[in-house]
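Asks: Provided herewith is a single structure, encoded as structure tokens, for subsequent inquiry.
The values are calculated or read from the model by the stated rules, or taken from the named source; none is laboratory data. Computed from a predicted structure; not experimentally measured. When we count neighbours, we look across all protein chains shown, and the Cβ atoms used for this are built from the backbone with ideal geometry, even at glycine.
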Amino acid sequence: MCANSYVLFSLFRNWLLLAVVGCGLFCWAILRLVDYIVILGKNVLDMKKFGFLILVAAACALVACNEKPNKGEGGDYSLSWDLQTVLTSGGTVDSVVMAVNGKHVQTLTDAADGIYKFEGVAEDGTVAKVTAYINHSEFVANVLAALEAGTISVDNDTQCAVGTPINDDVRGMVSSFLNDQAASALASYIADNAADLRALLVLGNEAVRSMSAPTDMQKLFEQMSPKLKNSAYGKEIKVAIDKTCSTLAGAKFVDFEATYNGKTQRLSDYVGKGKLVVADFWASWCGPCRKEIPNLINIHEKYGDKVLVLGIATWDNPEDTEKAIAELKIPYPQMLNTQKAGSDAYSITGIPEIIVFAPDGTILHRGLRGQELENAVVEYLQTHP
């Protein structure tokens with residue numbers, strides 16, 4: 001009897017404890033619910049502010065989505081440069097070097113079928129500079145590329161990287177400028193992308209710099225953001241532009257010499273001798289150089305009695321230059337085997353580079369080609385009979 005009573009008492013005690021705990025939990029839950037209702041009631045007054053914040057956040061998200069990417073997505077990249085044209089024209093490729101953000105990464109000395117290929121993992125916002133050393137380093141070609149994930153190659157006509165979004169965008173601008181030479185369009189592009197890798201890649205393009213007035217390039221460079229100007233390649237671009245400005249129109253010619261087959265020639269043998277001189281810095285393996293030759297022959301044939309057209313073989317093997325002269329039937333005189341002497345003297349980074357000298361040796365024009373070059377010659381002859 002006593003045992004049964006004890007069991008019943010224990011059960012009753014346990015049930016009572018459970019009931020007390022359950023009631024406590026229920027009361028706590030009710031109190032918390034009341035608190036939430038009170039808080040919600042207070043926040044109803046701030047719903048307009050909350051809605052405004054939501055709209056601001058949505059607008060920011062849309063801007064971020066539509067903003068031009070300044071950085072790659074990350075991932076694997078391959079970057080290849082087809083230099084077969086150099087090889088087929090008789091030139092030699094010594095090495096192709098890649099640097100990323102100013103630091104050396106890799107050097108290639110051999111390539112299958114003349115195609116030099118670099119591979120790696122793309123890091124956000126990185127810029128690669130690929131340099132080809134040609135003809136025993138007598139000529140150096142540079143290409144800047146945004147290292148985006150994907151397959152990147154070099155377009156030799158524009159000296160641009162292609163195959164990924166940022167690089168394709170830059171190539172489009174460079175190609176348009178080289179075809180139309182619209183300085184205003186170039187200025188607008190730099191202004192629109194002042195803090196973007198695109199501005200750096202366009203101003204770093206050697207074809208653009210060779211066909212632009214150096215003072216214009218200085219102004220465009222100053223439009224870039226401090227971060228881009230102070231980057232490794234931003235500093236290189238500034239040095240190149242400033243160096244070119246030292247031999248602008250109005251300056252006296254800078255003399256240099258070259259020796260071939262025991263004969264030494266100097267620029268002063270031709271310039272400053274009382275005749276207008278159109279000096280063409282070119283090479284036999286250079287496609288754009290060959291394309292310009294007919295225009296120079298035309299000037300020679302039309303105005304040869306008052307104008308001297310002079311070819312200056314640059315970064316080229318003299319034997320290859322002679323073959324090209326015969327092949328292209330070039331009738332005007334040549335300075336052979338100048339290698340880097342002329343390009344160093346006039347801060348030339350890309351060819352063809354045409355410089356027009358007045359009869360007294362003063363520099364009149366730089367970077368003119370085609371009809372624009374002939375127009376400048378005709379204008380000078382008309383104003384200086």
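Asks: Look through TYR303, TYR233 and report the one residue that is among the hydroxyl-bearing types (Ser, Thr, Tyr) and surrounded by fewer than 19 Cβ atoms within 10 Å (Cβ to Cβ).
Replies: Of TYR303, TYR233, the one residue that is among the hydroxyl-bearing types (Ser, Thr, Tyr) and surrounded by fewer than 19 Cβ atoms within 10 Å (Cβ to Cβ) is TYR303.
Asks: Determine whether ILE152 is surrounded by 19 or more Cβ atoms within 10 Å (Cβ to Cβ), assigned to a helix (DSSP H, G or I) and of a type outside the set (Gly, Ala, Ser).
Replies: no
Asks: Could I ask something else about it? Which of the residues that make up the range 85-125 are within 21 Å of TRP315 (Cα to Cα) and at pLDDT below 85?
Replies: Once the filter is applied, which keeps residues that are within 21 Å of TRP315 (Cα to Cα) and at pLDDT below 85, the range 85-125 yields THR85, VAL86, LEU87, THR88, SER89, GLY90, GLY91, THR92.
Asks: Let me ask something additional. Applying the selection to the range 349-363, what residues are outside any strand (DSSP E or B) and out of contact with any helix residue (DSSP H, G or I) (no Cβ under 7 Å at 6 or more places or on another chain)?
Replies: ALA358, PRO359, ASP360, GLY361, listed by residue number.
Asks: Yes or no: ASP269 farther than 24 Å from ALA185 by Cβ, surrounded by fewer than 20 Cβ atoms within 10 Å (Cβ to Cβ) and acidic (Asp, Glu)?
Replies: yes
Asks: If you check THR215, THR158, THR164, which single one turns out to be in contact with a strand residue (DSSP E or B) (Cβ under 8 Å, 6 or more places away or on another chain) and of a type in the set (Ser, Thr, Tyr)?
Replies: Answer to the selection: THR164.
Asks: How many residues are among the hydroxyl-bearing types (Ser, Thr, Tyr) and either surrounded by fewer than 20 Cβ atoms within 10 Å (Cβ to Cβ) or without any contact (Cβ under 8 Å) to a residue 60 or more places away in the chain (or both) if we restrict to the range 331-345?
Replies: 1
Asks: From LEU364, LEU328, LEU310, grab the single residue that is surrounded by 21 or more Cβ atoms within 10 Å (Cβ to Cβ) and not assigned by TED's automatic domain parsing to the domain that holds PHE177.
Replies: LEU310
Asks: Identify, please: which residue in the range 160-197 is assigned to a helix (DSSP H, G or I), modelled with pLDDT of 90 or more and acidic (Asp, Glu) and is, among those, nearest to LYS227 (Cα to Cα)?
Replies: ASP192
Asks: Ok, one more. What's the number of the only condition in (1) farther than 24 Å from GLY304 by Cα; (2) of a type outside the set (Lys, Arg); (3) not in a helix (DSSP H, G or I) that ILE241 fails to meet?
Replies: Condition not satisfied by ILE241: (3).
Asks: Same structure, new question: I'd like to verify a number: residues in the range 275-300 that are in a loop (DSSP other than H, G, I, E, B) and modelled with pLDDT under 95, how many?
Replies: Qualifying residue count, the range 275-300: 4.
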